[in-house]
Amino acid sequence: EITLKNISLEINKNNIIGIVGKTGSGKSTLVKIIMGLINPTSGKILIDDNKLEDIKYKWQNNFAYIPQNFYILDDSFLENILFSEDKKEINIDKVNQILKFCELDNLVDNLPQGLNTIVGPSGKLLSGGQAQRLAIARGLYQDRDILILDEATNALDKDTEDKILKNILFLKKSKTIIMISHNQKI
């Protein structure tokens, strides 16, 4: 059981927040409390002076959450980006921009059927780093106000991770970003 005690923090809009700690220290639990997925046993969470429990469902629509353990559909590369989004309103320009952002454009260009290539169960046709970048692309396509990356770059090589983190820093103009890591150099 994880116990978080005496936590007080303020997260301002369009800021980048890093939550760093050892494995099992409660980083993901803290974020789940912030997202309203877990209720604290004491204390309160205020969103612009509103109690979280009063605006929970509206609040939860603000998040794109990219977990460390993500799911890849046995479907096309494109379907894995769109995931649960309305397929009738695909913004292919946005998809292409996100592919570049996540260093996936060259990969897709070399796939037999491009975005329509089936990636296999659990992304079998992809490396761990490619699958992780695909999960990041999914979160970015959702285009929510708050982006949470929960150890979301842990399978990437250093060079690719640095490029993607640099791109993510660019988003701080329009998004609040919460990054969770056990690595103190995020």
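The values are calculated or read from the model by the stated rules, or taken from the named source; none is laboratory data. Note that the coordinates shown come from a computational prediction; the quantities given were computed from them, not determined experimentally. Quick reminder, even Gly has a Cβ in these numbers, built from the backbone with ideal geometry, and neighbours come from all protein chains shown. What goes into the accessible areas is simple: the full protein's heavy atoms, side chains included, and nothing from ligands, DNA or RNA. Shrake-Rupley method; radii C 1.70, N 1.55, O 1.52, S 1.80 Å.
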Which residue, of Leu9, Leu4, Leu37, is at pLDDT 90 or above and assigned to a loop (DSSP other than H, G, I, E, B)? Leu37
Please verify whether Leu156 is closer than 19 Å to Lys100 by Cα and modelled with pLDDT of 90 or more, treating the condition exactly as stated. no
Out of (1) at positive phi; (2) surrounded by 16 or more Cβ atoms within 10 Å (Cβ to Cβ); (3) among the acidic types (Asp, Glu), what's the single condition that is false for Asp48? (2)
Reported set for the stretch 54-98 where residues are of a type in the set (S, T, N, Q) and part of a loop (DSSP other than H, G, I, E, B) is Asn61, Asn62, Gln68, Asn69, Ser84, Asn91
Would you be able to say whether some residue in the stretch 159-176 is surrounded by 13 or more Cβ atoms within 10 Å (Cβ to Cβ), at pLDDT below 90, under 30 Å from Glu10 (Cα atoms) and touching a Phe, Trp or Tyr at 6+ places or on another chain (Cβ under 7 Å)? yes
So if I check each of Asn91, Asn62, Asn80, which one is within 22 Å of Asp143 (Cβ to Cβ), polar (S, T, N, Q), surrounded by 12 or more Cβ atoms within 10 Å (Cβ to Cβ) and more than 18 Å from the chain's Cα centre (by Cα)? Asn91
Within the stretch 1-37, can you find the residues that are among the hydrophobic types (A, V, I, L, M, F, W, C), open to solvent by 60 Å² or more (accessible area, probe 1.4 Å) and under 18 Å from the mean Cα position of the chain (by Cα)? Val20, Leu37
Scan the stretch 130-149 and give yes if some residue there is assigned to a helix (DSSP H, G or I), more than 24 Å from Gly18 (Cβ to Cβ), open to solvent by 70 Å² or more (accessible area, probe 1.4 Å) and at pLDDT 90 or above, otherwise no. no
